Ligand SMILES: C[S@@+](CC[C@H](N)C(=O)[O-])C[C@H]1O[C@@H](n2cnc3c(N)ncnc32)[C@H](O)[C@@H]1O
C-alpha cells in the first residue's frame, strides 16, 4: 500500500511542482495552495528529494488520528513505534502547523510531540536521542487542524531550496526554488542560450545550467532528513544518485552571466563551482549593456533591483528604460524576460509584454514579464 507523500512549495509554485511530478510519473492526488499530494514508498520520498527543482519539503506520512487536546497528542504519538524509526543515538527536531483551539503556541505542540517520542525511545532503548531546533537530523512534522492530526517524517530536513551551493548570497538573492521556477517559466530548451545580465550571486544561471544538463538538484546536497531515520539505506541512495548522474547531458547551449559588481561575479563563479556547473557558464564583470549576446536563439533574463529593498526608484527608472532598449536592440531573435516586484518600473521597459507570470518572493508580489524580441539586424 503506497504511503501518502505531501510535497510543499512556496505559494505560486504549485503548478511547476505538479508538472515536475507528472514528468517523474508520480500520481497527483491533490493540489493545494502550497503543496501537492502524491504517494509512494520511502525510496520514492528519497527520489523526490533528489529530482525536484521546485519543492521545499517532502513529507512522508507515518500516522494520522483524531486529536482534541495536548494530552491526547502525547498519548497518540507515544503509542507509535518510534524505536523502529529513530535511533536513540540520533538527533531529533519537531516542527508543526497547528490550527486547534487547545494550542495557543505551536511550540507547545512541538514540545509535547518531542517528549512523547523521546520518552518512548528511552523506555525501549535505555537511551534517548538529543533534540533541538536544528533541522540537520531527523525532523518530525505535525499537521493538526481541527480534530485531525497527521504525523510526517520531513524527509528533506532543511528546505530543498538550500541546495548547498550558495555560500555567499550577497544582496537580494533569488531563492533557488524560485529561480528554478522562473527558468522553467521561460520554457528554455537545453540547446538554447541562456543569458543572465545582472546575475548577482548567479542563482538563475546556475539553475538554468542544472536544468539544461538534466542534473538532479539534490545530487549537490550532502544532508537530508531521510538520512537520519532507521528506514534509510545508504546503498539505495547511492544507487539513486548514480542513476541520476547517468541521465545527465554533457553539453548545454551558451550560458552567460554578467554583473557590474566584481564581488558578485566572484561569488557567482564560486557558487557555480560548488554546483559543478562552472565549466558551462561564462562569467564577466561588466555593465549589462556590455553582455555578449551570441548568435542563435534563447532566453535573456533580467532580475534588476526593485527599488523596494535595494536601489532608488527614480534612478532605477533610467535603468529599466536602458534594459528595454538593450532587449529591443541587442537581443533580437531571443525571448526576453524581466523579473521584478515593481510593476511601475516594469512599465519603464517600454516594450509590449506577452505573458506576465505571477510569482511571490517571500511576501512580495512579483511578475515575470515576457517580451518576444523578433529577429532582424542587431545593432
Ligand atoms: C536583484 S540583484 C540580482 C539577484 C540575483 N538574481 C541573485 O539571485 O543573486 C540585481 C543585481 O544587478 C546588478 N546591477 C545593478 N546595476 C547593474 C548594471 N548597470 N549592470 C550590471 N549589473 C548591474 C547588481 O550588482 C545586483 O547584483
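The values are calculated or read from the model by the stated rules, or taken from the named source; none is laboratory data. A quick note: this is a predicted structure, and the numbers were derived from the prediction, not measured. FYI the Cβ positions are ideal-geometry reconstructions off the backbone, even for glycines, and counts take in every protein chain you see.
For residues in the range 54-69 being in contact with a helix residue (DSSP H, G or I) (Cβ under 9 Å, 6 or more places away or on another chain) and more than 11 Å from residue 144 (Cα to Cα), which is surrounded by the most Cβ atoms within 10 Å (Cβ to Cβ)? Going through the qualifying residues, I end up with 58.
When 244, 257, 268 are checked against the criterion of being away from the ligand (no atom under 16 Å from the Cβ), surrounded by 14 or more Cβ atoms within 10 Å (Cβ to Cβ), modelled with pLDDT of 95 or more and under 22 Å from the mean Cα position of the chain (by Cα), 244 stands alone in meeting it.
Within the option set 348, 290, 305, 313, being within 10 Å of the ligand (Cβ to nearest atom) and surrounded by fewer than 21 Cβ atoms within 10 Å (Cβ to Cβ) holds for one residue only, 290. Those helices (runs of 4 or more DSSP H) of the range 168-259 in which 3 or more residues are without any contact (Cβ under 8 Å) to a residue 12 or more places away in the chain and either out of contact with any helix residue (DSSP H, G or I) (no Cβ under 6 Å at 6 or more places or on another chain) or assigned by TED's automatic domain parsing to the domain that holds residue 131 (or both) occupy 234-246. Could you tell me whether the range 195-213 includes any residue that is away from the ligand (no atom under 16 Å from the Cβ), at pLDDT 95 or above and surrounded by fewer than 19 Cβ atoms within 10 Å (Cβ to Cβ)? Scanning the range 195-213 turns up at least one residue that is away from the ligand (no atom under 16 Å from the Cβ), at pLDDT 95 or above and surrounded by fewer than 19 Cβ atoms within 10 Å (Cβ to Cβ). A residue that is over 22 Å from residue 162 (Cα atoms), in the same structural domain as residue 197 (by TED's automatic domain parsing), in a loop (DSSP other than H, G, I, E, B) and touching a strand residue (DSSP E or B) at 6+ places or on another chain (Cβ under 8 Å) can be found somewhere in the range 261-283. Restricting the range 356-365 to residues that are touching a residue at least 60 places away in the same chain (Cβ under 8 Å) and surrounded by 11 or more Cβ atoms within 10 Å (Cβ to Cβ), the residue that is nearest to residue 332 (Cα to Cα) is 357. Of the strands (runs of 3 or more DSSP E) entirely within the range 1-113, those holding at least 3 residues that are modelled with pLDDT of 95 or more and more than 30 Å from residue 357 (Cβ to Cβ) occupy 57-66, 91-99. Applying the set (1) within 21 Å of residue 182 (Cα to Cα); (2) in a loop (DSSP other than H, G, I, E, B) to residue 294 leaves exactly one unmet item: (1).
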